[in-house]
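I have placed the structure first, in the form of structure tokens, so that the comments after it can refer back to it.
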Amino acid sequence: MSGPLSGLRVLDCSSGTAGPQASWLLADYGADVVWVEPPGGDPMRRLRPGGAAVFNRGKRSIVLDTDDAADRATLLELASRGDVFIESWAPGVADARGLGVRALHERNPGLVYASVTGFGQTGAHTDLPAYEPLVHALVGTMAVQAGHRDGPIFQGLPFASTGAAQLAVIGILAALYRRLADGVGRHVDTSLLDGALAFHSMLWGESDAAVAASGGRPTQTSMVGPLRMRLITRSFVCSDGEYVGIHTGAVGAFGRLMQVIGLDDRIPPSEDGIDMGVPLSPEQAEVLEREIHGIFASQPRAVWVERLMDADVCAVEHLVPPSVFDEPQARHNGMVVEVTDPELGTVEQVAPAIRFDGRSPADPRAAPTPGEHTDEILAELRSAASATEWQQASATPGAPDERPLLHDLHVLDLGAFYAGPYSSRILADLGAEVIKVEPVAGDPLRGIERPFFSAQAGKRSLAANLKDPELQQAVEGLLAWADVVHHNMRPGAAERLGLGAEQVRAAHRDVIYLYAPGWGSSGPHMMRQSFAPMLSGYVGASYEVAGQFNPPMPSTGNEDPGNGLLGSIALLIALLHRRRTGEALSCENPQLNAAMGMMAHVVRDADGAAVGAGLLDPLQLGVGPFERLYETADGWLCVVARTDDEVAALASATGIGLTADDRSSDRVAERLAGEFRHATTASWLGALGTAGVPAAQPVGPNVHALMVDPEARALGRVAEVEHPTLGRVREISHLVRVSDADVAPHRLAPGLGEHTDDILRWLSYKPDEIVALRDRGAIR
């Protein structure tokens with residue numbers, strides 16, 4: 001397949017839900033992925049046919065038994081000719097099979113070796129398999145996911161796998177970027193636990209000041225509690241029974257909403273329109289909570305959407321999956337592709353989300369049948385061995401350059417809020433130098449501590465009015481310095497500042513340009529406001545997490561972090577392409593595309609039926625009897641039995657006759673529920689562990705425990721840094737580990753304009769010029 005990763009040779013020995021997604025992303029952009037399946041094929045083909053059809057498209061399949069010596073020899077030979085190796089075995093298994101990092105590097109020193117486990121290489125839970133529900137139980141997702149009953153709530157959106165896959169790809173691409181310079185193959189390590197935290201990073205963290213203000217409890221933004229701030233992130237039912245999501249995060253949007261719904265006489269607009277994090281008075285909060293629901297219930301959804309779009313307020317329909325496939329903007333973005341799958345027939349799938357230089361990736365091939373390409377791949381092995389073009393472009397392996405992987409990269413971030421700037425924050429974690437340019441009034445997200453700190457960690461802040469003619473010298477100097485220019489302004493805004501893609505690239509041909517709009521750079525909805533988690537509702541995620549037959553609920557994992565992760569992948573692909581070819585690319589990753597990518601496991605068949613959607617039961621307890629929450633005599637238990645052996649072990653431990661054919665039986669779930677109520681959680685964990693049944697006790701609200709966990713601190717998952725006014729700040733930090741590379745020190749988000757003077761002096765502004773700019777309000 002053509003694409004910016006064309007010629008990259010990937011050997012995927014992973015199984016489950018995360019590793020295959022990682023190689024899927026690489027295949028979608030042109031990599032040659034050889035998928036190694038066990039005899040009988042990957043079990044996920046049967047368990048999740050919709051996801052398997054998508055996440056294995058574009059690959060070639062070979063069947064090998066890693067317990068067989070001859071097949072292992074074949075696998076070693078394939079690895080010796082590859083660029084990237086991906087595995088998802090439990091810690092220690094690869095080494096025991098002679099397929100660990102050291103063994104493969106002896107044959108191929110330049111091989112990038114990626115491990116995607118459930119809980120990491122070390123820690124308390126490495127004995128558990130990489131099953132998504134167990135991760136959410138133990139990381140704390142089930143305690144914070146909104147539900148129609150008291151928690152824990154089974155997570156209906158597999159965002160831990162999505163996050164782990166994207167983190168693995170980020171690590172792989174960054175390792176390849178450094179390999180081009182030093183020829184060294186590195187070990188990339190991440191997990192489903194890290195993947196979940198990549199999404200929780202948006203809200204999970206704490207400062208001493210915030211903990212004190214909340215009476216000792218870490219603060220979190222809620223999308224379902226009482227309305228207390230001049231920020232609405234909520235869904236409302238309309239007169240036709242349909243739901244609309246409202247978000248007033250844009251400057252002035254809260255006041256415009258009050259005008260549209262007729263409450264502006266009692267809740268007047270603020271003078272500056274910057275309402276993020278500003279509390280309502282008790283009287284205003286009471287008025288809003290009492291009246292807003294009835295107001296929305298007075299008109300059909302279409303009426304409200306039209307009115308609020310006209311008022312430039314974010315109003316987004318909640319749709320059942322995969323109805324978004326029929327929406328005009330999704331079609332305009334080229335986000336729906338038709339594939340003839342060997343198992344499901346003709347299906348519509350989510351297309352690759354990133355556009356390079358405005359071009360859609362080539363239409364992907366359907367997922368292969370098990371072993372479809374075995375003979376072809378073996379024939380290639382018998383041919384004369386040759387280095388891949390990526391190996392040829394890399395330096396001869398020598399001593400590793402152990403500086404942070406992106407230490408020499410310069411990023412100019414003109415974005416705001418979260419979905420865009422999280423991309424450059426991830427690059428900062430890998431060592432890039434990032435300058436964040438924000439208005440003199442500041443990024444509107446500064447009003448909410450947690451998401452702002454998460455999106456802007458590791459950056460320097462320049463607060464300036466770029467429209468001021470005296471700052472044109474600064475703009476030109478920053479563009480000349482930058483390797484990457486990024487923003488997520490609405491279409492036309494950057495062009496009015498002279499910072500559109502064509503304008504920047506005309507003067508600076510080597511600059512990589514990343515644009516992360518909400519809906520797209522063109523199309524019928526390109527000017528609509530876009531905020532998370534409203535686009536999650538648009539693509540169907542809000543119905544997925546709510547359970548069958550229930551009204552939508554906000555998803556804990558949403559498109560803001562998802563778009564940031566995807567944007568960093570786009571930038572790394574473009575950086576690799578520039579280093580290999582000398583050609584700089586413009587990239588586009590709309591938030592809508594990222595949201596659809598998070599629901600890529602859902603496809604639509606020729607009869608219009610959704611495959612892979614609507615699996616969570618009405619009580620939000622689980623997906624069938626073998627992936628479910630069960631109440632015990634004193635608490636809860638999360639049980640996951642995916643293999644036939646695990647089902648047999650569950651039958652033995654509970655004394656109930658079970659077979660794999662009972663996977664969707666409500667009757668079996670009821671019988672198991674009755675058994676689990678007879679004993680305590682601790683006793684069941686002991687019995688199930690002895691029998692070999694994967695299970696975990698769901699933890700409660702877990703932010704503080706995670707922030708002070710010694711293992712999380714030691715691995716760099718959590719960093720603690722002193723802040724001048726907030727005391728100690730603890731937040732999620734590095735979530736992918738790469739060998740032979742130093743880790744960039746974690747730095748907190750900068751204060752508003754904290755580095756303005758330093759940057760302007762570096763750009764040759766004199767002290768009196770800086771004072772004059774500040775006096776007239778052009779900088780801060």
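For residue 459, go through the aspartates and glutamates and keep the ones whose alpha-carbon is under 13 Å away, minus same-chain ones fewer than eight residues off.
Partners within reach: 413, 429, 433, 438, 754.
Bins of 5 Å, beginning at zero and ending with the bin holding the largest distance: percent of Cα pairs per bin for the range 343-449, please.
Taking every Cα pair in the range 343-449, the percentages come to 2, 8, 9, 9, 12, 13, 13, 13, 10, 6, 3, 2, 0.
What Rg and what Dmax come out for the range 85-195 when only alpha-carbon atoms are used, in angstroms?
16.3, 55
Which loop-located trypsin sites (Lys or Arg not before Pro) does the range 60-145 contain, where loop means any DSSP state but H, G, I, E or B and the Cβ has at most 11 other Cβ atoms within 10 Å?
Within the range 60-145, no trypsin sites (Lys or Arg not before Pro) qualify (loop, at most 11 other Cβ atoms within 10 Å).
Starting from one equal scatterer on each C-alpha and no solvent at all, send me the Debye-based log10 I(q)/I(0) for the range 419-507 at q = 0.15 Å⁻¹, two decimals.
-0.60
Determine the relative contact order of the range 678-746: mean sequence separation of Cα pairs under 8 Å and six or more apart, normalised by residue count, in whole percent.
The value is 18 percent.
Among DSSP beta bridges whose residues both lie in the chain, state the antiparallel percentage, nearest 5.
If we restrict to bridges inside the chain, about 50 percent are antiparallel.
With a length cut of 27 Å (Cα positions projected on each helix's long axis) and a Kyte-Doolittle mean of at least 0.5, go through the chain and give me the DSSP H helices that pass.
159-182
Using only helices, what value at 222 nm comes out for the chain when you add -39,500 (n - 2.57) per DSSP H run of length 4 or more and divide by the total residues, to the nearest 500 deg cm²/dmol?
-10500 deg cm²/dmol
With the other protein chains left in place, how much accessible area per residue, in square angstrom, belongs to the chain at a 1.4 angstrom probe?
Ligands and nucleic acids excluded, the figure is 36 Å² per residue.
Any chance you could check the Cα centroid distance between the range 52-123 and the range 134-179 for me, in angstrom?
22
In what sequence, highest mean first, do 701-707, 38-44, 182-188 appear when ranked by Cβ atoms within 10 angstrom?
For the peptides 701-707, 38-44, 182-188, the packing ranking is 182-188, 701-707, 38-44.
In whole Å, how far is the Cα centre of the range 408-448 from that of the range 714-756?
14
Using a 1.4 angstrom probe on heavy atoms only, work out the carbon and sulfur share of the accessible area of the chain in %.
51
Kindly provide the trypsin sites (Lys or Arg not before Pro) of the range 653-692 that DSSP labels as loop, not H, G, I, E or B, and whose Cβ sees at most 16 other Cβ atoms within 10 Å.
677
Could you tell me the relative contact order of the range 400-520? Use alpha-carbon pairs under 8 Å, at least six residues apart, and round to a whole percent.
Relative CO of the range 400-520 lands at 28 percent.
Dipole magnitude of the chain about its Cα centre, charges +1 at Lys/Arg Cβ and -1 at Asp/Glu Cβ only, in debye to the nearest 20?
Once rounded to the nearest 20, the dipole reads 840 debye.
Counting alpha carbon pairs within less than 8 Å and at least 6 residues apart, what relative contact order, in whole percent, applies to the range 618-699?
Across the range 618-699, relative contact order equals 39 percent.
Here are some values of Cα extents along the principal axes in Å: (i) 181, 77, 48; (ii) 75, 62, 50; (iii) 97, 55, 48. Which one was computed from this structure?
Calculated Cα extents along the principal axes in Å: the matching label is (ii).
What area, in nm² and to one decimal, does the C-alpha convex hull of the range 492-531 cast on average over all directions?
So the Cα hull casts an average projection of 3.2 nm².
Say the dipole of the range 513-672 comes from +1 at the beta carbon of Lys and Arg and -1 at that of Asp and Glu; which of 637, 596, 567 then lies farthest toward its positive end?
567
Cα centroids of the range 590-653 and the range 457-516: how far apart, whole angstrom?
44
Any lysines with Cα under 22 Å of the residue 467 Cα? List them, leaving off those in the same chain fewer than 8 positions away.
Once the sequence-local lysines are set aside, what remains near residue 467 is 436, 766.
The values are calculated or read from the model by the stated rules, or taken from the named source; none is laboratory data. Worth saying up front: this structure is predicted, and the values here are computed from it rather than measured. Cβ coordinates were reconstructed from backbone atoms using ideal geometry, including for glycine residues, and neighbour counts include every protein chain displayed. Accessible surface areas use protein heavy atoms only, side chains included; no ligands, DNA or RNA. Shrake-Rupley method; radii C 1.70, N 1.55, O 1.52, S 1.80 Å.
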